[in-house]
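Below you'll find the structure, written out as structure tokens, and then a few comments.
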Amino acid sequence: MYDFKIAAGDSETLYRDLASALQGLVAGEPDGIANMANAAALIWETLPDLNWAGFYRNVGGELVLGPFQGRPACIRIKFGEGVCGAAAATKQVQRVDDVHAFPGHIACDSASNSELVVPIVRDGELIAVLDLDSPKHARFTAEDEAGCVKLGEILAKVL
Ligand code: SME
């Protein structure tokens, strides 16, 4: 077991430590599923107020559930559907303060109220999306977005 002991401090320090722990975890490991699994576990135990943290992979132009922490979730999501599908279709981060106000939101877990979805792109191709859900409204700040984009950049090289 790895024990990173990332202290809850200011957001910049938190994400710097998280990025460095993730970099260490994936270094030299070419298996994308293993790397997504460890990334989901690391994010889950580090970031507060999450009820779901994990990945959907781009499998032939459809999002398919990947490694995650949280409750069992919907398996397949079409590009353009819900928050994850919007991130996949546009390759743009989706930071949603109130998922119930998002057109087409897919309620995998009724406890979710806000969501952050980061597309993971390599050489212009969407590989996966990182999806974080929270029971708190407006849980994700611009700092969370910037920090998670960095995590996505680390992962883009090893998925
Ligand atoms: N709420 C997401 C679906 C995935 S789950 O939250 C794990 C969406 O609308 O894309």
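Observations, loosely collected:
- Test: A7 is open to solvent by 10 Å² or more (accessible area, probe 1.4 Å) and of a type outside the set (K, R): yes
- Enumeration of residues in region 125-139 that are under 17 Å from Y56 (Cα atoms) and either out of contact with any Asp or Glu (no Cβ under 9 Å at 6 or more places or on another chain) or open to solvent by 20 Å² or more (accessible area, probe 1.4 Å) (or both): E125, L126, I127, A128, V129, L130
- If you filter region 89-104 down to residues that are near the ligand (Cβ under 9 Å from one of its atoms) and either open to solvent by less than 40 Å² (accessible area, probe 1.4 Å) or among the acidic types (D, E) (or both), you find that the one that is nearest to A37 (Cα to Cα) is Q94.
- When the residues of region 109-134 are filtered to those that are over 15 Å from the mean Cα position of the chain (by Cα) and within 16 Å of the ligand (Cβ to nearest atom), the one that is modelled with the lowest pLDDT is D109.
- Matching entry among L47, L42 (being open to solvent by less than 50 Å² (accessible area, probe 1.4 Å), within 14 Å of the chain's Cα centre (by Cα) and touching a residue at least 60 places away in the same chain (Cβ under 8 Å)): L47
- G9 closer than 21 Å to V158 by Cβ, out of contact with any Asp or Glu (no Cβ under 7 Å at 6 or more places or on another chain), part of a loop (DSSP other than H, G, I, E, B) and without any contact (Cβ under 8 Å) to a residue 60 or more places away in the chain: no
- The one condition from (1) in contact with an Asp or Glu (Cβ under 7 Å, 6 or more places away or on another chain); (2) closer than 16 Å to V129 by Cα; (3) within 11 Å of the ligand (Cβ to nearest atom) that G82 does not meet is (1).
- Restricting Y15, Y56 to those that are in contact with an Asp or Glu (Cβ under 9 Å, 6 or more places away or on another chain), closer than 14 Å to C148 by Cα, among the aromatic types (F, W, Y) and buried (at least 18 other Cβ atoms within 10 Å of the Cβ) reduces the list to Y15.
- Criterion applied to N113, N58 was being in contact (Cβ under 8 Å) with a residue 24 or more places away in the chain, touching a Pro at 6+ places or on another chain (Cβ under 8 Å) and of a type outside the set (K, R), and the one residue passing it is N113.
- Only residues that are hydroxyl-bearing (S, T, Y) and open to solvent by 30 Å² or more (accessible area, probe 1.4 Å) were counted across region 105-122, and they come to 1.
- Lone qualifier among I154, I43 - being in contact with a strand residue (DSSP E or B) (Cβ under 9 Å, 6 or more places away or on another chain) and not charged (D, E, K, R): I43
The values are calculated or read from the model by the stated rules, or taken from the named source; none is laboratory data. From a predicted model like this one, the values you see are computed outputs, not experimental measurements. Quick reminder, even Gly has a Cβ in these numbers, built from the backbone with ideal geometry, and neighbours come from all protein chains shown. Accessible surface areas use protein heavy atoms only, side chains included; no ligands, DNA or RNA. Shrake-Rupley method; radii C 1.70, N 1.55, O 1.52, S 1.80 Å.
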